[in-house]
Amino acid sequence: MDLGLKGKVALVTGAGQGVGEGIGKLLAQEGARVVVNDFFQDRADKVAGEIVSAGGEAIGIQSDVSDFDSVTRMVKKAMDKFGRIDILVNNAGVPAPMPEGDSPASFDMSFEKVDRSMWKRYLDVNIYGTMNCTRAVIDQMISQKYGKIVNIISDAGRIGEPRQAAYSASKAGVAGFSKSLAKDMGKHCINVNCVSLGAVPHPGIDNRRIGMMLKMGMTEEQAKEAIQKRREGASKLYPMARGLGRLGTLTDIANAVAFFSSDVSVFITGQILSVSGGYTTVG
């Protein structure tokens, strides 16, 4: 099926690695011109360069999404380059804390033990980052009477997860923001939806966990074995993982984002699609 993304301009935040990188590259494969944002310019440039080398169009732009002035500068650079923004994927975010056992014994994300500065970090990036980027592009989308906004959240924000109170709150906040915004923006032909994630292994997360385990005194081999055992255990919680023999992939997520970014989903707005292999079945 042709998703009709050829020539559309997509801004993907946090696209210098992991989930955002997968999204940006798939949208480019579908013909979109991609603005690759990341907090680090070198990561943004690397992914943008790989898109260009594969025959696509892309530009890398550094920005701190929690800083509105930084975001407005990013959007101006994108507009100067491509002239419009049709698709905004709010992917940049502070990830969930690592599960117990992946970090030193002193690491405890229980709500009563977490410093308030950690709450602020989740809210500044996950909620305000999403709102900042949306505000920076919304006037232009309204003026062209067209836009697709896809916000990446987590099933933790839908059902809550133990030891992830601040993170769950931040993602639930994005879900509520998206539903409200969808009702406001429908008259302007702007769709607003969420893609909600479960466990998605990728090198960035693995490297983060290996680093913590090395600090605990494990060898690299022991750390990799521990990650594999945890992955096997997590797979039991995901109905589709038991059948497919794997957890979710970056492609699974990118496919859902591409659907919401296209006109195939033109009459769908204010919705949350969980790409979690059945981990949650929230109505």
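Rule-based calculations on the coordinates, nothing more; no lab input. Every value quoted in this text rests on a predicted model; they were computed, and no experiment measured them. A quick note on method: Cβ atoms are made from the backbone with ideal geometry, for glycine too, and the neighbour counts reach across all protein chains shown.
Here are some notes:
- Chain lengthening between residue 145 and residue 232 when straightened (0.36 nm per residue, less Cα-Cα): 26.7 nm
- Mean-position separation - Cα centroids, region 1-63 and region 207-283, in angstrom: 21 Å
- Under conditions of 10 °C and 1.306 mPa s, region 115-175 yields 126 µm² s⁻¹ as its translational diffusion coefficient, taking Rh as the Kirkwood radius over Cα pairs in the Stokes-Einstein equation.
- Each principal axis of region 24-163 carries a Cα extent, and these read 49, 33, 27 Å when sorted largest first.
- Size of region 221-278: Rg and Dmax of its alpha carbons, in Å, are 15.3, 50.
- The residues 196, 117, 180, 235, when put in order of fewest to most other Cβ atoms within 10 Å, stand as 117, 180, 235, 196.
- Rg/Rh ratio calculated on Cα atoms of region 7-56 (Kirkwood radius): 0.92
- Ellipticity estimate at 222 nm from DSSP helix runs (n ≥ 4, -39,500 (n - 2.57)) divided over the chain, nearest 500: -15000 deg cm²/dmol
- Extent along the principal axes, Cα only, for region 112-247: 56, 40, 24 Å, with the longest axis given first.
- Student exercise, region 137-283 dipole from Lys, Arg, Asp, Glu Cβ charges, in Debye to nearest 20: 240 debye
- Rg/Rh for the chain stands at 0.96; both radii use Cα atoms, and Rh follows the Kirkwood definition.
- Spatial extent of region 1-95: Rg and Dmax, with the Cα atoms as the point set, Å: 12.0, 39
- Dipole of the chain [Lys/Arg +1, Asp/Glu -1 at C-beta], most positive-end residue of 199, 130, 227: 130
- Dipole of the chain, positive direction: furthest Cα of 268, 251, 95, with charges on the beta-carbon: 268
- Within a Gaussian network of the chain (alpha carbon springs, distance under 10 Å), most fluctuating of 26, 123, 244: 244
- Taking amide H as placed 1.01 Å from N in the peptide plane, the amide H of residue 196 sits under 5 Å from that of 153, 273, 274, 275, each at least 5 places away or on another chain.
- Region 179-283: C-alpha pair distances exceeding 18 Å, %: 60 percent
- Phi angles of region 165-170 translate, via the Karplus equation with coefficients 6.51, -1.76, 1.60 and θ = phi - 60°, into HN-Hα couplings of 4, 5, 5, 4, 4, 5 Hz per residue; Gly and Pro are given as x.
- Between 216, 141, 131, the Gaussian network model of the chain with springs among Cα atoms under 10 angstrom shows the greatest mean-square fluctuation at 216.
- Comparing 86, 115, 38 in a Gaussian network model of the chain where C-alpha atoms under 10 Å apart are linked, the largest mean-square fluctuation is found at 115.
- In this structure, the amide hydrogen of residue 33, modeled 1.01 Å from its nitrogen in the peptide plane, lies closer than 5 angstrom to those of 7, 8, 9, 10, counting only residues at least 5 positions away or on a different chain.
- Cleavage-rule hits, trypsin sites (Lys or Arg not before Pro), region 112-203, DSSP coil, Cβ neighbours within 10 Å at most 15: 145
- Stretch in the chain that is longest and holds no chymotrypsin sites (Phe, Trp or Tyr not before Pro) that DSSP places in a loop and that have at most 12 other beta carbons within 10 Å: 41-266
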